[in-house]
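Mind looking over this structure? Questions follow.
The values are calculated or read from the model by the stated rules, or taken from the named source; none is laboratory data. Source: prediction; values computed, not measured. Cβ: placed from backbone, ideal geometry, glycine included. Neighbour counts: every protein chain shown. The area values use the complete protein model at the heavy-atom level, side chains included, leaving out ligands, DNA and RNA. Shrake-Rupley method; radii C 1.70, N 1.55, O 1.52, S 1.80 Å.
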Amino acid sequence: MTKKLKIYSLEEFANLNLPPKEFMVDPIIPCRGLVEIYSKTGVGKTTFALTLGIAVALGKSFLKWNVPKAKKVLYVDGEMSPQDMQERAQAAAQFFGVDVSEVDNFKIINRDVNDGFLPDIGELSGQNEFDEASQNADLIILDNLSTLRFSGKENEADSWSVIQRWLLTMRGRGKSVIILHHAGKDGSSRGTSRRHDALNTVIK
């Protein structure tokens, strides 16, 4: 059965009782926000994103940005060995002066401890699996696009549409999503520019 679209007059829409706009990380990551972080290989995307995610889980400021409230974070690691991720997670927690045992709001999915397999976010079946895994998460960090998406072509706008629709659905459910991605040879974000159409923030 097709869901009936809600239609409002301008006055009705203007008077909707909506919650005030909030930031998960002020002012770069809004609640219900979609964000891309990209750089060349080896610059430190994972270290940056992991520490940022732990800041959100703890509700502690990170660098020059304020984190108003602790939120639940799911970090999906499609690239790192579990040993390397252990070391980085411990170092990121120590950055805030805490032990990993004190970061209750932070969960990790790692490829290698899942027998080398993670669902493809470019397919509906894979998105459904991540939907289930992220039910309790406020922030989902996907590290990184090239290791979590195997269907479609990176430079094709139509291939991106399947992922974009899923990201917009996540936002509609009240979640924020950060995607880590690689820079191309020219230093810009690799692949179709259509990927940035629905994003709130792009961090190089």
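Can Thr2 be described as touching a His at 6+ places or on another chain (Cβ under 7 Å), closer than 24 Å to Ile163 by Cβ and open to solvent by 30 Å² or more (accessible area, probe 1.4 Å)?
It is false that Thr2 is touching a His at 6+ places or on another chain (Cβ under 7 Å), closer than 24 Å to Ile163 by Cβ and open to solvent by 30 Å² or more (accessible area, probe 1.4 Å).
Select the helices (runs of 4 or more DSSP H) contained entirely in region 93-204, then report the ones holding at least 3 residues which are open to solvent by 60 Å² or more (accessible area, probe 1.4 Å) and farther than 24 Å from Gly44 by Cα.
So the answer is 124-133, 157-172.
Right, next: Any residue at all in region 15-22 that's farther than 28 Å from Lys185 by Cβ, of a type in the set (Lys, Arg), modelled with pLDDT under 95 and open to solvent by 10 Å² or more (accessible area, probe 1.4 Å)?
yes
Among all residue pairs at least 6 apart or on different chains, which show Cβ distances below 8 Å where the first residue, located in region 109-130, is closer than 19 Å to Gly53 by Cβ and the second is acidic (Asp, Glu) and at pLDDT 95 or above?
Ile109/Asp77; Asn110/Asp77; Arg111/Asp77
Only one of these conditions is not met by Tyr8: (1) modelled with pLDDT under 95; (2) open to solvent by 70 Å² or more (accessible area, probe 1.4 Å). Which number is it?
Only one criterion is unmet by Tyr8, namely (1).
Only one of these conditions is not met by Gln90: (1) surrounded by 14 or more Cβ atoms within 10 Å (Cβ to Cβ); (2) at negative phi; (3) touching a helix residue (DSSP H, G or I) at 6+ places or on another chain (Cβ under 9 Å). Which number is it?
All conditions pass for Gln90, except number (1).
For Glu79, which of the numbered conditions (1) in contact (Cβ under 8 Å) with a residue 60 or more places away in the chain; (2) out of contact with any Pro (no Cβ under 9 Å at 6 or more places or on another chain); (3) surrounded by 21 or more Cβ atoms within 10 Å (Cβ to Cβ) fails to hold?
Answer for Glu79: the failing condition is (3).
Still on this structure, please answer the following. Do we have any residue at all in region 23-33 that's touching a Ser or Thr at 6+ places or on another chain (Cβ under 8 Å), under 24 Å from Ser189 (Cα atoms) and open to solvent by 40 Å² or more (accessible area, probe 1.4 Å)?
Yes: region 23-33 contains one or more residues that are touching a Ser or Thr at 6+ places or on another chain (Cβ under 8 Å), under 24 Å from Ser189 (Cα atoms) and open to solvent by 40 Å² or more (accessible area, probe 1.4 Å).
Only residues that are in contact with a strand residue (DSSP E or B) (Cβ under 8 Å, 6 or more places away or on another chain) and over 15 Å from Ile108 (Cβ atoms): list them for region 40-68, please.
Lys40, Thr41, Lys45, Phe48, Ala55, Phe62, Trp65, Asn66, Val67, Pro68
Looking at Ser151, Ser176, which is the one that is modelled with pLDDT under 95 and either over 24 Å from Phe23 (Cα atoms) or touching a Cys at 6+ places or on another chain (Cβ under 9 Å) (or both)?
Ser151
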